[in-house]
Structure formats: C-alpha cells, structure tokens
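The values are calculated or read from the model by the stated rules, or taken from the named source; none is laboratory data. Here the structure is a predicted model, which is why all the values come from computation and not from measurement. Every residue, glycine among them, receives a Cβ derived from its backbone with ideal geometry; neighbour counts consider all protein chains shown. Just the protein is used for accessible areas: all its heavy atoms, side chains included, with ligands, DNA and RNA removed. Shrake-Rupley method; radii C 1.70, N 1.55, O 1.52, S 1.80 Å.
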Amino acid sequence: MSLFDKFLPIQKARNNLLKSGVNPFHVTVENILSPTEAIMNGRTTILVGTNNYLGLTFHPDCIKAGQEALAQEGTGTTGSRMANGSFLSHRELEKAIADFYGAPYAIVFSTGYQANLGVLSSLAGPGDTILMDGDSHASIYDGCRLGGAEIIRFKHNDVADLEKRLRRLGDRSHRTLIVVEGIYSMLGDRAPLAEIVEVKKKYGATLVVDEAHSLGVLGQHGRGLAEETGVEQDVDCIVGTFSKSLGSTGGFGISFHPEFEFIRYTSRPYIFTASPCPSVVATTKAAIRIIQDRPELRRRLWTNAHQLYDGLLQSGYSLGAEVGPIIAAMIPTKELALAMWQELLENGIYVNLMIPPATPNGECLLRCSVSAAHTEKQIKKIISAFSKLPDATQNHTHPSHVQPEAIIN
Ligand code: PMP
C-alpha cells in the first residue's frame, strides 16, 4: 500500500468514463481566435463555456494596456506585496475597484480563489461560526476551512433554513459569518439576497457575497446582485474575481468597514504569494473602465442569454430555473451527458460538462456560459446543434438530492 494507491479508483473511474473517446476534463484549445471561437481538434469551434461574459479578452483597450504595462513594468513582480512592496499599479487597481463600488476599502488578490481564501479565513476563525450555502464554490469551502471556524451548511437558497440555524446559535450569531454567491455557477440561479440581508440584520451576523459570476452581469452599473437588489450598504464584504467578466486573472474584496484593511496583515493568501503581474493589473483596470463606459455590452449579454435559454427550452431541454448567462441543460446520466458533450464538440460547439460530485443535487449538466461577444448567428448554431442531438427531446427526470462536495467552477 503506498500513498499513490489512492489514485487507482480515480484512474478506474476516469477510464470507465473515457471508453467513448475524448477526455472532457483534458481538452486542448489549439488556437484561440476570439472570445467566442477557437480551433479545437483541428476544427473551428464556437466557445460557449468560457465565463467570458462581456467578451473582453480581446478588447483592444485591454490588450494595449497590457502591452504597455509589460514594456514599462516588466513581466512579473517576483514576490508578495508584503515583502517586495506594491507597484503603483496595484494601488491604482485597488482604487479603481473601490471607486467602482463606491466603497472605501478594496484589496486585490492574485486569483479569485485566493480572494475567498484570504477574506473568509481572516473574517472567521476559531470560536466563530460560518453559515455557508450548501452549493458554494470550492474556494468558499476552502476559505472557510482555512480560518478554523465551525462550518455549518444551510440548504441552498433556503432562507428559512438559514434563519433556523442562526436562531439555534443564540448569542453566537453575532460572531457568525454568512457566505452566499450572487449567481450560482452551476445552474445560474441567484441568492435571495434581500431576505438574507433581513435575516443577517435580525441576528447581528456578518454577510459576505461572492459576486464572481454576477459582476458585470447584474445591476444598473454591473456591480452585481447586491447592486441589483439595492442592498450594497448592508453587505459587509463583496468578493469577486477578474477571471470572468473582466477577462483576466485575479480577485478582490471590498468593504465599508475600516477594519477590512487589516486583512492585509492576517491573510496568508495575500501575504505568502506573489502579487499579480503588471500586465494582468493593467488589463483588469482597462476592463473595469469598459464595464462602466459600455453598458450596452451588458444589454447584449442579456439579449443573447434570453435567445439561448428560449431556444434550448423549445428544443425540449430541462434548464436551470432562471434566465441568465449561465444556462445549464440537465441530462439524466453521466454517460449520456458525456456522449452529448462529445457530439456537440464534434459539431464545433464547446460547452462545459459538469458531473457529480462537483454539481448540486447529483446533476449531470451541459453548461453553457453566454457572452456579449456571441453573435446572433452563433447562438442560432448552438441551439441548432443542441436540438439535433438524438436525446434532445427526451423527458429528463431529476436525480434524487445529493449534497455536492463543492462546486468547482
Ligand atoms: N468564486 C466563484 C463563485 C467561482 O465560480 C470561482 C471560479 N470559477 C471563483 C470564486 C474563483 O475564481 P478564480 O477562478 O478567478 O480563481
């Protein structure tokens, strides 16, 4: 028995799944052509699984800003901000994010994953409690674990269950952190934030909202679900990522609490890792400007989301309950989902295959993420490819409820 033996069941499961051919978790993008097209398996493929919600990855302003930063500031920072110092551009990016949210405090992290690790582990430690939505992303699970607080999961989007658990905590509710997401990444549904804020206030708890998938997507100015719901002042901290609507990498936290600044001194994922490199900082800053200056991108995204959602619904698919840029078709079995995913790829459409344990309720999903950069013609092609799949009109039944281990994307 060696440490490596534990990988055997994984190898077996993978081999069983892959009898049919391509490894869905190992695809290669041979040549990326635009936010919505790439060469995969030698074929021009429409990308509809990118989280590139506003299609900014090839925006000329972002590319120019990145190139200038490369030339002026070099390729990397080669260390953490604590040890090596902050570049002026890190500070400027933090100011740009703070100004965008109208919040006084913003901290930038090297990834969205680290933003959750850094903020959650700093806010709730030993002796504190965390109430997290059961369908939370893996980075939320890991951030909660890193801090050492007691972790309790409440039923996904179930405010009555959240309240019941807060009530049971008694006085401890004042030292309780509630963590939810703006838009959930698997089925595209939203947190009932107005009710969650009410409950958090009633029990004196603290609330963090991860707006990874809602930044640039929801709210009049694209700030996310808290803006859309009108509760920004009641959310204690918003975390988010640069890797979706902003088309780069990195993450952030913002807050109205002055104490938030001290997370820089307590957060291991801030202190013990290299700071974001200058070109990434520059493209992110340019993208934040574009979100503010180009609200029509958001409108285009929503037009595309409605077109795809309606098209897939009419083709007979069971979809997540809410229309939005994440549109997931629920498929009854892993094997069928894999076969359908592969057929889509062979027809030049790349979507995400999502299977348990990374999905809620044991769902097998063909998950699309829509972009403002998709053309009407591309959306039509995606719908047509889905509707031609042999199992498209089968009446899909839902598997029984299984708690996910953590959501991966
Ligand atoms: N939070 C959520 C809800 C996510 O879906 C993700 C990634 N998909 C992250 C955090 C982590 O962000 P990143 O990939 O930029 O590290």
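Out of the residues in region 26-62 meeting the condition of being charged (D, E, K, R) and open to solvent by 80 Å² or more (accessible area, probe 1.4 Å), tell me which one is farthest from the chain's Cα centre (by Cα). Looking at the filtered set, the residue picked out is 43.
Applying a threshold of 8 Å to beta carbon distances and a minimum spacing of six or more residues, or different chains, the list of pairs starting in region 316-330 at a residue that is over 14 Å from residue 354 (Cβ atoms) and not assigned by TED's automatic domain parsing to the domain that holds residue 187 and ending at one that is among the β-branched types (Val, Ile, Thr) and at pLDDT 95 or above reads 324/183; 324/217; 325/183; 325/217; 325/370. Restricting attention to region 101-129, the residues that are in contact (Cβ under 8 Å) with a residue 24 or more places away in the chain and over 20 Å from the mean Cα position of the chain (by Cα) add up to 11.
Just one of (1) among the aliphatic types (A, V, I, L, M); (2) within 16 Å of the ligand (Cβ to nearest atom); (3) touching a Leu at 6+ places or on another chain (Cβ under 7 Å) fails for residue 331. It is (2). In region 65-86 there is at least one residue matching the filter, namely being of a type in the set (A, V, I, L, M), under 21 Å from residue 293 (Cα atoms) and either loosely packed, with under 14 Cβ neighbours inside 10 Å or at pLDDT 95 or above (or both). What do you reckon, is residue 299 in the same structural domain as residue 235 (by TED's automatic domain parsing) and surrounded by fewer than 20 Cβ atoms within 10 Å (Cβ to Cβ)? The answer is no for residue 299. Whether any residue in region 183-200 is of a type in the set (Lys, Arg) and touching a residue at least 40 places away in the same chain (Cβ under 8 Å) is what I want to check. Taking every residue of region 183-200 in turn, at least one turns out to be of a type in the set (Lys, Arg) and touching a residue at least 40 places away in the same chain (Cβ under 8 Å). For region 227-245, the candidate set comprises residues that are of a type outside the set (Phe, Trp, Tyr), under 21 Å from residue 140 (Cα atoms) and part of a loop (DSSP other than H, G, I, E, B); within that set, the residue that is farthest from the ligand (Cβ to nearest atom) is 236.
All conditions in (1) more than 29 Å from residue 368 (Cα to Cα); (2) in contact with a helix residue (DSSP H, G or I) (Cβ under 8 Å, 6 or more places away or on another chain) hold for residue 246, with the sole exception of (1). Screening the candidates 122, 110 for the property of being farther than 30 Å from residue 28 by Cβ and either aromatic (Phe, Trp, Tyr) or open to solvent by 10 Å² or more (accessible area, probe 1.4 Å) (or both) yields one hit, 122. Within region 251-291, being within 16 Å of the ligand (Cβ to nearest atom) and among the aromatic types (Phe, Trp, Tyr) holds for 252, 270. Scan region 86-112 for residues that are assigned to a loop (DSSP other than H, G, I, E, B) and among the basic types (Lys, Arg) and the total you get is 0.
Residue 115 fulfils the conditions (1) in a helix (DSSP H, G or I); (2) surrounded by fewer than 24 Cβ atoms within 10 Å (Cβ to Cβ); (3) of a type outside the set (Ser, Thr, Tyr) except for a single criterion, (2). Assess whether residue 159 counts as being assigned by TED's automatic domain parsing to the domain that holds residue 103, among the hydrophobic types (A, V, I, L, M, F, W, C) and either more than 26 Å from residue 97 (Cβ to Cβ) or in contact (Cβ under 8 Å) with a residue 40 or more places away in the chain (or both). Yes. All of 173, 248 fail the test of being in contact with a Gly (Cβ under 9 Å, 6 or more places away or on another chain), assigned by TED's automatic domain parsing to the domain that holds residue 94, within 16 Å of the ligand (Cβ to nearest atom) and at negative phi, apart from 248.
Against the numbered list (1) assigned to a helix (DSSP H, G or I); (2) open to solvent by 10 Å² or more (accessible area, probe 1.4 Å), residue 275 comes up short only at (1).
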